[in-house]
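Student: Structure below; questions to follow.
Read-outs throughout are calculated quantities, based only on the coordinates presented, and are distinct from any laboratory measurement. If you're wondering where the values come from, they're calculated on a predicted model, not measured in any experiment. FYI the Cβ positions are ideal-geometry reconstructions off the backbone, even for glycines, and counts take in every protein chain you see.
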Amino acid sequence: MLATEFEMKDLGLKHYYLDLEVCKRLGEIYLVQGKYIIKLLQKFGMMDSKSMTTPMITNLKKLRSSDSSLMDPTSYRQLVGSLMYLVNTRPDICFAVNILSQF
């Protein structure tokens, strides 16, 4: 019905949209952010980092540090913002990203 009112053309199925990979298999649709994760690791120089089954200790005591030379605040905000977008397909890191966003 929209094509009768507006000029349109069918672009086919989406495969990649807003850093979300759309995969369709066996009648199911999967959203994956594999390429986004690789770009994120490269951007922040973390390609050699090792993975963990639990991304963060749940009862970690937060310490305030007066040493501000540990990390650039702008870079930290960019990293946390990127991780917030990653939570769309990775709810397992939601708790850790929430804690990091408080600083």
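Student: At R0 = 35 Å, how high is the FRET efficiency between Leu31 and Asn59 if r is their beta carbon distance? Nearest 0.05 is fine.
Tutor: Efficiency at R0 = 35 Å is approximately 0.65.
Student: Sort out for me the Cα centre separation of region 8-48 from region 69-90, rounded to whole Å.
Tutor: Using only Cα atoms to place each centre, the spacing works out to 19 Å.
Student: Say we join alpha carbon atoms closer than 10 Å with springs in a Gaussian network model of the chain; which of Thr53, Thr89, Thr74 then has the biggest fluctuation?
Tutor: Highest fluctuation among the options: Thr53.
Student: Once you put a point 7 Å from the Cα of Arg90 and another 7 Å from the Cα of Leu41, both along the Cβ direction, what distance in nm separates them?
Tutor: If labels sit at Arg90 and Leu41, their model points lie 0.9 nm apart.
Student: Which value at 222 nm does the chain reach when only helices count, each DSSP H run of 4 or more adding -39,500 (n - 2.57), with the total divided by all residues and rounded to the nearest 500 deg cm²/dmol?
Tutor: -9500 deg cm²/dmol
Student: Using a simple charge model, +1 on the beta-carbon of Lys and Arg, -1 on the beta-carbon of Asp and Glu, nothing else, what dipole does region 2-100 show about its Cα centre, in debye to the nearest 20?
Tutor: 400 debye
Student: When the chain is treated as a GNM, springs tying every alpha-carbon pair under 10 Å, which of Gly81, Gly45, Gly12 comes out with the largest mean-square fluctuation?
Tutor: Between Gly81, Gly45, Gly12, it is Gly12 that shows the largest mean-square fluctuation.
Student: What's the longest uninterrupted piece of the chain once you rule out the trypsin sites (Lys or Arg not before Pro) that are loop residues per DSSP with at most 13 other Cβ within 10 Å?
Tutor: Looking at the chain, 65-103 is the longest stretch - no exposed trypsin sites (Lys or Arg not before Pro) with at most 13 other Cβ atoms within 10 Å.
Student: By count of other Cβ within 10 Å, fewest leading, how are Asp48, Asp92 ordered?
Tutor: Asp48, Asp92
Student: Run the reach check for Lys50 against lysines, Cα to Cα strictly under 26 Å, same-chain hits fewer than 8 apart removed. What comes back?
Tutor: List returned: Lys35, Lys39, Lys61, Lys62.
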